[in-house]
Amino acid sequence: MTIVERQSTTVERRAGAALTVRGLRVDFTRDGSTRDVVRGVSFALEPGRCVAIVGESGSGKSVTARTLAGLAGSGAVIEADEISLGARDLTSVAEHDWRRIRGKQLGFIQQDALVSLDPLRPVGREIEEALRLHGWRSRSDRRRKAIDLLRAVGVPDPERRALQRPHELSGGLRQRALIASAIALDPEILIADEPTTALDVTVQAQVLAQLETAKARGTSILLISHDLSVVAQIADEILVMSGGEIVEQGAANDVLTAPQHPYTRRLVDAVPGGHTRGERLAPQDLTTPNLHLPRAASAERDDAVLEVRGVSKRFAGVTAVDQVSFTLGRGETLGIVGESGSGKSTTARIALALESADEGEVRLLGTPWSGVPERQRRSLRPRIGVVYQDPLSSFDPRWTVGRILSDAIPADAGLTRVERTRRVADLLAQVSLPAETRGRLPLRLSGGQRQRVAIARALATSPDVIVLDEAVSALDVSVQAQILDLLIDLQREYGLSYLFISHDLGVIHHMSDRVLVMTGGRVVEEGDADRIFRAPEHPYTRALIRSLPKPV
Amino acid sequence: MTLTSSTETLTTEPKPGAERGGRRARRFLSRISGAIVVLWGAATAAFLAQAALPGDRATAIFNIRAGQAQERTPAELAPIVDAFGLDDPLLLQYLHYIGALLRGDLGTSYQQFRPVWDLIGEQLGSTLILTVTGIALAWLVMVSWVTLTAGRGARLKNIGSAVDTVTASLPPYWLGILLLLVFALWLGWFPVMGGGGLAGIVLPALTLAIPLAGFMGQAVRAEYERTLDQPFVLSARMRGMGDLGIRIRHVLRHASLPAVTLTGWALGATISGAVIVEQIYSRPGIGKTLVSAVGAQDLPVVTGVVVLVAALYVVANVLVDVAYTLIDSRLRTS
Amino acid sequence: MTVIDVARATRSRARLDPALLASLAAVAFFLVAAVVPGFLSPHAPTALALDEALEPPSFAHWFGTDQIGRDLLSRVIHGARESLLIGFGAAGIAIVAAIVLGTLAALGGRVVSAVVSRAIEVVFAFPILLLALLLVSILGASAWTQVIAVGVSTAPGYARMVRGQILSAKNAGYVEAARALGHSPRRILTNHVLPNAIRPLVAVFTMALGQSIVWASGLSFLGLGVAPPSSEWGALLDAGRAFIMQAPWLTFIPGLIIVVFALAATTIGSRIQQNLEKGE
């Protein structure tokens, strides 16, 4: 069947660079003050190759990407020695000309399709929109092309899927729909801004496969990411950005295996994985001692701190947790890994007795923990603490850090006001926060600082167990590294047991002594961390490990 | 070249159709039952209101009819007691009342000897037309105003927001007089008193529309600004869509959701506003009937209106709920 | 959070922008007018002067005169006391009822909260004016009836807000964190839920004051409130209605006064709230 296309969608691939950028500077002026966000970026994108810009939040990488599409934002002042798209000079393009470039010569992929596609419209319409904006007038042609595009990215039954909205599709399918809408007009350049953030590992693998396909077709890819392992998969050249500047630039392999600049080295070192077990991820603070000890094998495993047996939980007809059992020993870290919807968070809440189980029982420190009236549990609660992914919502917005910590210290400790104040100062010191943090509002702290406060609060009750529910997932890599180091230091110091929940396999491999793999509410595999990652047995675990981007 | 990942089977698929249908039916039922509760509450309140009339009811009714307040003999009261069933036990009266309501009988006026429905029914149409026109106009004004002023920088946002707040708190009796003075008396663009047809409905409808537009505008504006920052808007821009296109094709649908919810409530509020507006512009409608009934303490008429408005409110809300789920299908399939 | 906090917030950290200044001035003026009308008013409100009837606003009569020559400005000033009393009385009833009902609906046991919540929703379904009219028709038109009718019919709206605020505080992340720390429900309630719930309601309640006057005047406008020759603002509206053609200022100006007062109350309330939030 031939479809007469109204516009040619194949573009001759020119030899030489598809996109050339030299000396890009972007400043933002607001209320009279100027902030220079991008200070001199240069690179060349060739057809069929991928350049990755790596950096943490605030490095200027996202602004760079958007500037190249003419969407730097209001108040932006852009200077460059050269920005050319093929032969075309992009520094002097008017807005209505930009509209012709975007979508047709430049494609754009963002994070999670659940929010990057209009949730109220069918995905087919989103794809058709790109076509409509660039001259495709016939609705039936657009519809046919959209269905073809969905098929080409591997969406089964595309006629039906095109009529569905993003939330009706699974994670992988809607990510592909997003990609389909970006490549609809076969642009020469694809800008991917954090395309894999917040995605499950398996979906992430699918996205990377799609990008590979595009690369093979001759599209140039500009990949923006903070995730070095993702970048390692697909980039040919890497630019490392920090504070608006490029601190290192070169062939991907060189940058990753032999980084020159200290920042890059720090970044590469900070990525957790099997190879970093027992080592520090971040350079030492001056305040904490150098604890370069091998992973302590002396933890007494026979002393079970938390026992979970045959626990199940159903929500409105959906089984969230199905017959889950595990034991957490003293001083050990049990990692629970799974994708979204696997039931790991619900399991954590049941372990904390913040959620009641429909079946099964939980014992904390040998005493019955589930199925007991709350009044009975309350006296034992100080022994088990929790650190959440988003600490801000767990803090009372009106309270200062000092009050939050002071409030967490158990009342029956019988401390005078002076002693309490000193204890708060101690807690802050233990998490390497300066003493004056006590007078500040959590709102004004950085993500890493807030998480430290959350950890300090959990420590305030002198617990035996701490449940960490995606506690580092929202942090930049270098900050994540510091927090993970801190957690291990504290564990060694106090003999804490950790129930560590995460979807990030690298973090789990780095932190855990033993690992539980969950999917669909059930535990599919359990065992020693190294063994699971080296020789997974269950097919799901195998697929999960296989989807892992190759380690840096 | 197609790529189907082998890990596709590992991700969770959305629920199958049968389960979804069951859940939808359950939600529909709960909405209906909610509506019935409101209606029942209205009917009971109406009945209690009538029973609560201070003093002996028969005497009160007689006095209302006669226009004088004085003691009456049992013989004089007897026909009234019969006609209104006042010597039945209260529970029986209640059941009679509910039964009558279900038949569409709203009772008999104290003041006149006619059924309440006759008194109200003929006027209701005019009031309803005014109400619906007012709401439609409010939508028009609100959508244009918010689309023009939202997401264009702090200054316009503050002005727009201030205008919303001020207009939302304008009482209809004052705004109506203001519009009347300016547009009818001074500029002469519209008729002053009771003009029928299109020209005569503009000012009264505007009087109702402007405060409603301000009120809805506050909610819509907030949602509008929030939506403009969403990632899918950036995606649309990256496809080459211009600003106006984004506002109309993407943002508007999201931002109008709170207004859709408010519209159900707005029906009741606007009808009562219409009561006042009809007084100002001397328009036909239930306003005059209602006010004089209140003054004379003619309870069946007042309670009749209350029950009627409750019924309309319930219908409106069910429609609004359906409209909402049509727009935002996330609720449909969750 | 005590009254002292509120006062401190408004005084020390309040940035006195023109809107706030004007609002405070307006409210102050009306309060003085309510207490000592004779002090402010140029003429006696009942002083007849038939030869000066129906005069538009002028130097001699800032607000003009009515059909029997009474100075409108004086009438407005003298009407302040009754209007404010009715408005504050109604607002008082509404706020107290709202707090009681809202708290029960949010914090009561399962049955109590369900029943009260339902009741609030059902009553809220009715337009305020209709409810008020219903109450007036039972109780008969008078000033007292106005107070009760407006208070009772506006209460459900505020009760809903109280309930909503308490519920959102109750379901907030910091409440669960406190539970995890082993704090008792009462401690969580006093330390977290109530303070966080009350804060946004300050603005709502000040707004209630202004809104109550608006509704009460609406009833008067329909002739169902205070009887003439009261100078209550709504009654002035009603009295002026007959002369819309010849003397529009007789309805326009009392209405403007009402609107100004309502806006002033709302502005003060929202400023107080902004300062409370900033200061912490």
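The values are calculated or read from the model by the stated rules, or taken from the named source; none is laboratory data. It should be emphasised that the depicted structure is a prediction, and the values quoted were computed from it without experimental measurement. Backbone-built Cβ (ideal geometry, glycine too); neighbour counts: all protein chains shown.
A few remarks follow.
- Beta carbons closer than 7 Å, at least 6 apart along the sequence or on distinct chains, pair a first residue in region C:144-162 that is under 21 Å from C:L104 (Cα atoms) with a second that is among the aromatic types (F, W, Y) for C:T154/C:W215; C:P156/C:F124; C:G157/C:F124; C:R160/C:F124.
- Qualifying residue in region A:358-365 (condition: within 27 Å of the chain's Cα centre (by Cα) and at pLDDT 90 or above): no
- Residues (under 22 Å from B:A58 (Cβ atoms) and acidic (D, E)) located in region B:87-132: B:D87, B:D88, B:D105
- Total residues in region A:213-224, condition in contact with a strand residue (DSSP E or B) (Cβ under 9 Å, 6 or more places away or on another chain) and surrounded by fewer than 22 Cβ atoms within 10 Å (Cβ to Cβ): 1
- If the condition is being in contact with a strand residue (DSSP E or B) (Cβ under 9 Å, 6 or more places away or on another chain) and on the phi > 0 side of the Ramachandran plot, then region B:96-143 contributes only B:G107.
- Residue ID - surrounded by the most Cβ atoms within 10 Å (Cβ to Cβ), chosen from residues in region B:24-60 that are β-branched (V, I, T) and over 19 Å from the mean Cα position of the chain (by Cα): B:T59
- Residue match in region B:183-203 (condition: under 30 Å from A:L131 (Cα atoms) and more than 13 Å from every other protein chain (Cβ to nearest Cβ)): no
- Of all residues making up region A:305-345, the number that are among the aliphatic types (A, V, I, L, M) and within 28 Å of the chain's Cα centre (by Cα): 8
- Between A:D89, A:D27, the distinction of being free of Cβ contacts under 8 Å to residues at least 60 places away in the same chain and more than 26 Å from B:L228 (Cα to Cα) belongs to A:D89 only.
- Meets criteria (loosely packed, with under 10 Cβ neighbours inside 10 Å and under 21 Å from B:G304 (Cβ atoms)) for B:R65: no
- Residue list for region B:235-262, filter: within 7 Å of another protein chain (Cβ to nearest Cβ) and either free of Cβ contacts under 8 Å to residues at least 12 places away in the same chain or under 21 Å from the mean Cα position of the chain (by Cα) (or both): B:S235, B:R237, B:M238, B:R239, B:G240, B:M241, B:G242
- Only one of A:G107, A:G70 that is crowded, with 16+ Cβ neighbours inside 10 Å, facing chain B (nearest Cβ under 10 Å) and in contact with a Phe, Trp or Tyr (Cβ under 8 Å, 6 or more places away or on another chain): A:G70
Per-residue answers, yes or no, for (1) touching a Gly at 6+ places or on another chain (Cβ under 7 Å); (2) at pLDDT 85 or above:
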position	(1), (2)
A:T264	no, yes
A:G273	yes, no
A:V318	no, yes
A:Q323	yes, yes
A:G335	no, yes
A:S340	no, no
A:W369	no, yes
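- From the list C:A114, C:A49, C:A44, the lone residue that is more than 19 Å from the chain's Cα centre (by Cα) and touching a residue at least 24 places away in the same chain (Cβ under 8 Å) is C:A44.
- Going through (1) within 14 Å of chain A (Cβ to nearest Cβ); (2) basic (K, R); (3) buried (at least 22 other Cβ atoms within 10 Å of the Cβ) one by one, B:R221 falls short only on (1).
- A:Q206 of a type in the set (S, T, N, Q) and either in a loop (DSSP other than H, G, I, E, B) or away from chain B (no Cβ under 11 Å) (or both): no
- Region A:467-493 - residue that is within 14 Å of chain C (Cβ to nearest Cβ), of a type outside the set (G, A, S) and surrounded by 24 or more Cβ atoms within 10 Å (Cβ to Cβ) and, of those, nearest to A:K61 (Cα to Cα): A:L468
- For region A:383-398, taking the residues that are in contact (Cβ under 8 Å) with a residue 40 or more places away in the chain and in a loop (DSSP other than H, G, I, E, B), the one that is surrounded by the fewest Cβ atoms within 10 Å (Cβ to Cβ) is identified as A:P397.
- C:S231 meets all of the listed conditions (1) surrounded by fewer than 24 Cβ atoms within 10 Å (Cβ to Cβ); (2) hydroxyl-bearing (S, T, Y); (3) within 21 Å of C:R81 (Cα to Cα); (4) within 19 Å of the chain's Cα centre (by Cα) but one, namely (1).
- Filter pass, A:I83 being more than 14 Å from chain B (Cβ to nearest Cβ), free of Cβ contacts under 8 Å to residues at least 60 places away in the same chain and under 18 Å from A:G60 (Cα atoms): no
- The residues of region C:219-239 that are within 9 Å of chain B (Cβ to nearest Cβ) and closer than 13 Å to B:I177 by Cα, listed by number, are C:F221, C:L237.
- Qualifying residues in region A:113-123 (those that are within 20 Å of A:V203 (Cα to Cα) and more than 8 Å from chain B (Cβ to nearest Cβ)) - the one surrounded by the most Cβ atoms within 10 Å (Cβ to Cβ): A:A113
One line per residue, one yes/no per condition, for (1) modelled with pLDDT under 90; (2) more than 29 Å from the chain's Cα centre (by Cα); (3) more than 13 Å from chain C (Cβ to nearest Cβ); (4) under 29 Å from A:R444 (Cα atoms):
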{"position": "A:P382", "(1), (2), (3), (4)": "no, yes, no, yes"}
{"position": "A:G385", "(1), (2), (3), (4)": "no, no, no, yes"}
{"position": "A:Q389", "(1), (2), (3), (4)": "no, no, no, yes"}
{"position": "A:S394", "(1), (2), (3), (4)": "no, no, no, yes"}
{"position": "A:G402", "(1), (2), (3), (4)": "no, yes, yes, yes"}
{"position": "A:P410", "(1), (2), (3), (4)": "yes, yes, no, yes"}
{"position": "A:V418", "(1), (2), (3), (4)": "yes, yes, yes, yes"}
{"position": "A:A425", "(1), (2), (3), (4)": "no, yes, yes, yes"}
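- The single condition among (1) part of a helix (DSSP H, G or I); (2) modelled with pLDDT under 90 that A:T196 does not satisfy is (1).
- Counting the residues of region C:121-155 that are surrounded by fewer than 24 Cβ atoms within 10 Å (Cβ to Cβ) and more than 11 Å from chain B (Cβ to nearest Cβ) gives 6.
- Of the residues making up region B:263-317, just one is charged (D, E, K, R) and surrounded by fewer than 20 Cβ atoms within 10 Å (Cβ to Cβ), namely B:K288.
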